[in-house]
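> This is the structure I want to talk about, given as structure tokens.
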Amino acid sequence: MQENIPEFEDDSDFDRPSKSQMKRDMTALQKLGEDLLALPESRWEPLALPEILYDALKAAKKITNFEGRRRQMQYIGKLMRKIDAEPVREAVAAFKLGHAQDSLKLHQSERWRERLLASDEALQEFLAEHDGVDIQQLRSLVRAARKDASGAPEKRNGRAFRELFQFIKASQAGEADPGAAGEDADDE
């Protein structure tokens, strides 16, 4: 007894993506819509989003109900299918990269502060890497932070510790006068 097994001579029926692949693509677009929603609204304008998508994103920001937000995100995913998603992906990636770089700079400044407080050799290394740094100010900040750290925990105020961090951060940002970071420059 032979079953009627259709013979596929023509593979043209398999040219389209599978249903599972289409679902994965739709979920990816919905996730991209969530990432787009995380961007500030000022970042949406250069993307030239259709007005209906722009309105849907603004509405999603206001929705607090879990199920309502989920359904709105599905709607945003549906609208995302009608646009070219590549510029949106690039904008989201650029925004995330900017935050990652800022975070990395802060961590580097934090490590320099710890090293400067731990040893005098670190002071020489910092001066070698950062030209144009006010040596006297850096030394006085390190000295004050060490003095504050050596005191009893209840008597510490942490001001020198914070000022040293701000000085290091400004030096790494490449400012001409790191000591004037945060002060108003009225000499113009």
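The values are calculated or read from the model by the stated rules, or taken from the named source; none is laboratory data. Small disclaimer: the values here were computed from a predicted structure and weren't measured. Ideal geometry is used to build each Cβ from the backbone, glycine not excepted, and the neighbour counts take in all protein chains shown.
> Of Ser103, Ser150, Ser119, which residue is polar (S, T, N, Q), closer than 30 Å to Leu32 by Cα and either modelled with pLDDT of 80 or more or loosely packed, with under 11 Cβ neighbours inside 10 Å (or both)?
Unique residue meeting the criteria: Ser103.
> Out of region 122-147, which residues are surrounded by 15 or more Cβ atoms within 10 Å (Cβ to Cβ) and either outside any helix (DSSP H, G or I) or outside the structural domain of Gln172 (by TED's automatic domain parsing) (or both)?
Scanning region 122-147 gives His130, Val133, Asp134.
> Failed condition for Ala48, given (1) among the aliphatic types (A, V, I, L, M); (2) out of contact with any Asp or Glu (no Cβ under 9 Å at 6 or more places or on another chain); (3) farther than 30 Å from Ile168 by Cα; (4) surrounded by 13 or more Cβ atoms within 10 Å (Cβ to Cβ), with all others met?
(4)
> Moving on to the next point. Would you check if there is a residue in region 68-88 being aromatic (Phe, Trp, Tyr), assigned to a helix (DSSP H, G or I) and at pLDDT 85 or above?
Checking region 68-88: at least one residue is aromatic (Phe, Trp, Tyr), assigned to a helix (DSSP H, G or I) and at pLDDT 85 or above.
> Next question, about the same structure. Is there any pair linking a residue in region 52-64 that is over 16 Å from Gly77 (Cβ atoms) and surrounded by 19 or more Cβ atoms within 10 Å (Cβ to Cβ) to one that is at pLDDT 90 or above and basic (Lys, Arg), with Cβ under 9 Å and at least six apart or on different chains, and which?
The qualifying pairs do not exist here.
> Among what's in region 1-51 and is at pLDDT 85 or above and of a type in the set (Gly, Ala, Ser), pick the residue that is farthest from Ile76 (Cα to Cα).
My answer is Ser18.
> Could you check how many residues of region 82-117 are touching a residue at least 12 places away in the same chain (Cβ under 8 Å), of a type in the set (Lys, Arg) and within 14 Å of Gln172 (Cβ to Cβ)?
Result for region 82-117: 2.
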